[in-house]
Amino acid sequence: QVQLVESGGGLVQAGESLRLDCAASGSIFSINTMGWYRQAPGKQRELVAVITSDGRTNYADSVKGRFTISRHNAANTVYLQMNSLKPEDTAIYYCKADLRLSHYSDSVFRYWGQGTQVTVSS
């Protein structure tokens with residue numbers, strides 16, 4: 001029932017910018033946190049940025065000062081503004097949501113988007 005759909009990836013040169021969007025849809029009671037992870041070839045998936053329902057954010061040290069995460073709660077949407085992109089930012093970026101499906105249960109489930117490719121050339 002729940003689906004996360006990312007958009008905004010692409011091919012850019014170093015120093016340029018991209019904005020990634022992710023919209024969650026389906027039978028959702030509430031979303032506790034939304035965030036972005038990335039996975040480069042040969043590496044483990046790592047957290048890029050996360051934002052809570054009340055707007056608190058955390059960033060990986062490698063992107064701090066360059067990337068900005070934000071969300072529109074009413075639309076269940078999260079954004080990642082990526083500035084001053086570097087070749088080492090090249091990866092598949094995945095949207096993540098930790099959400100509740102029911103008012104009657106406190107269980108939190110993690111959902112992932114399909115991923116969007118970001119490639120930064122020198």
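The figures follow:
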| read-out | value |
| --- | --- |
| Probe 1.4 Å, accessible area per residue of the range 45-122, Å² | 53 |
| Amide H within-cut-off set for Gly115, under 5 Å, with H built and near neighbours excluded | Glu6, Cys95 |
| By accessible area with a 1.4 Å probe, ligands and nucleic acids excluded, highest first: order of Asp21, Asp54, Asp89, Asp61 | Asp61, Asp54, Asp21, Asp89 |
| Amide H partners (placed H, <5 Å) of Ile28, local residues excluded | none |
| Taking the chain and dividing mean pair separation by its residue count, relative contact order in percent (alpha carbons under 8 Å, at least six apart) | 35 |
| Phi-based couplings in Hz for the range 73-88 (Karplus 6.51, -1.76, 1.60; Gly and Pro marked x) | 4, 4, 9, 6, 10, 10, 10, 9, 8, 10, 10, 6, 5, 10, x, 5 |
| Cβ-placed point charges (K, R +1; D, E -1), dipole of the chain about Cα centre in debye, nearest 20 | 80 |
| Per DSSP, loop GluC sites (Glu not before Pro) in the range 1-108 with at most 11 further Cβ within 10 Å | none |
| Spatially proximal lysines relative to Lys64 (Cα-Cα < 18 Å; intrachain offsets below 8 disregarded) | Lys86 |
| For the range 106-113, 3J(HN,Hα) per residue [Karplus equation, 6.51 cos²θ - 1.76 cosθ + 1.60, θ = phi - 60°, Hz, x = Gly/Pro] | 8, 4, 10, 10, 9, 10, 10, x |
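The values are calculated or read from the model by the stated rules, or taken from the named source; none is laboratory data. As the structure is a computational prediction, the values presented were derived from the model and not from experiment. Here Cβ is always computed from backbone atoms with ideal geometry, including for glycine, and neighbour counts include all displayed protein chains. For the accessible areas, the whole protein counts, side chains as well, though only heavy atoms, and no ligand, DNA or RNA atoms are used. Shrake-Rupley method; radii C 1.70, N 1.55, O 1.52, S 1.80 Å.
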